[in-house]
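All remarks here apply to the structure that follows.
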Amino acid sequence: MAHKVIVHLMNEDPIVAELERMPEPEDASITIFDPRREDGKQIHYLRDGSSAVVFPLHRVSSIEIFAEDIAREEEVTFYRDETS
């Protein structure tokens, strides 16, 4: 499941994107999908049609994870069959 995140790069504007998995301590980079600015516009240093970007983790200062994604993973749903 992809997590909606905001990636803060050093000396750059934040990037809103999807992240397939959280980085592990041994990772040297992260791959984000559907990168865009917070206002939804294209990022000026990426070409049109870019769907994924790999950033080295030494350039990432922080990653914000949206709470609804975390809550959705932990959500327990109950199903009741009304036909019986």
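For the reader, a short list of remarks on this structure follows.
- Environment charge of H8, counting only residues whose C-beta is closer than 12 Å and scoring Lys/Arg +1, Asp/Glu -1: -3
- Mean Cα-pair separation over length for the stretch 3-74, i.e. relative contact order, pairs under 8 Å, 6 or more apart, %: 37
- Proportion of all alpha-carbon pairs of the stretch 3-74 beyond 15 Å (%): 53
Values in this text are rule-based calculations from the coordinates and carry no lab data. Everything numeric here is computed off the predicted structure, so don't read it as measured data. A quick note on method: Cβ atoms are made from the backbone with ideal geometry, for glycine too, and the neighbour counts reach across all protein chains shown.
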